[in-house]
Amino acid sequence: MLQIQHTLVSLDLIERYFTCDLDACLGACCIEGDAGAPLAPGEAERIEGVLPEIENDLLPRALAEIRGCGASYTDPDGDLVTQIVDGRDCVYTCYAEGGKCLCALEKAFREGRVPDVKPISCRLYPVRLREYDGFTAVNMHRWKICRPAETLGRRLGVRAYEFLKGPLTARFGEAWYAELELTAREYLRQNPDK
């Protein structure tokens, strides 16, 4: 772990290569798992505010789940997360050609229909954050469905922290990311076998 300001950052973020490969994984991170995406304070309300704009993008079962149970719920760990369908699929998924799973929130944002309300946990993935008294742990979740992303990242020479520059900067700020980048470069210079 490396300390960057008020965070402890896993070396995986620096050592591992990662570049999402939607053509290979088809967006499995949105439809696999047993809980929805973690929501930061205020995100559920922002998502609820754009629901009328994305309803036509959602699957009928997902829309019924949102109308019946709400846009989010508290999971067994006590975390607020996005609602899911059939015990696994995020309700905000939609599909493109070839069976690719997309985020309806991101799709609507890219089309200029809504502001960017996609949860920061989704934008940061495969990074997962854990808040503790006085610091935040920044860890990289390792999951077999992301092996294509690791392969593509290695082929392109892109480390996870580089791929996630935008979301990491959005969450922690430019000064934090600049310090992470400088620390990562020095760490990799001193550990060329990584």
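The values are calculated or read from the model by the stated rules, or taken from the named source; none is laboratory data. This structure is a prediction, so every number in the text was calculated from the model and none was measured. Cβ placement follows ideal geometry from the backbone for every residue including glycine, while neighbour counts extend to all protein chains displayed. Areas reflect the complete protein model, heavy atoms only, side chains present, ligands, DNA and RNA absent. Shrake-Rupley method; radii C 1.70, N 1.55, O 1.52, S 1.80 Å.
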Residues satisfying the stated conditions in the range 124-145, i.e. under 14 Å from the mean Cα position of the chain (by Cα) and among the polar types (S, T, N, Q): ASN139
Heads up, the helices (runs of 4 or more DSSP H) in the range 22-100 (entirely inside) with at least 2 residues that are free of Cβ contacts under 8 Å to residues at least 12 places away in the same chain and open to solvent by 70 Å² or more (accessible area, probe 1.4 Å) are 43-54, 60-69
Within the range 157-175, considering residues that are open to solvent by 50 Å² or more (accessible area, probe 1.4 Å) and among the basic types (Lys, Arg), the one nearest to ASP21 (Cα to Cα): LYS165
Taking the range 126-139 on its own, how many of its residues are surrounded by 22 or more Cβ atoms within 10 Å (Cβ to Cβ) and farther than 16 Å from GLN3 by Cβ? 2
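Name the residue that is surrounded by the fewest Cβ atoms within 10 Å (Cβ to Cβ), counting only residues in the range 101-123 that are farther than 16 Å from GLY27 by Cα and within 13 Å of the chain's Cα centre (by Cα).
Of the range 101-123, the ones farther than 16 Å from GLY27 by Cα are 108-117, 120.
Remaining after also requiring within 13 Å of the chain's Cα centre (by Cα): 117, 120.
Working: VAL117: 22, ILE120: 19.
Step by step, filter the range 101-123, then rank; the result is ILE120.
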Looking only at the range 176-194, and only at residues there that are open to solvent by 70 Å² or more (accessible area, probe 1.4 Å) and not in a helix (DSSP H, G or I), the one that is nearest to CYS30 (Cα to Cα): LYS194
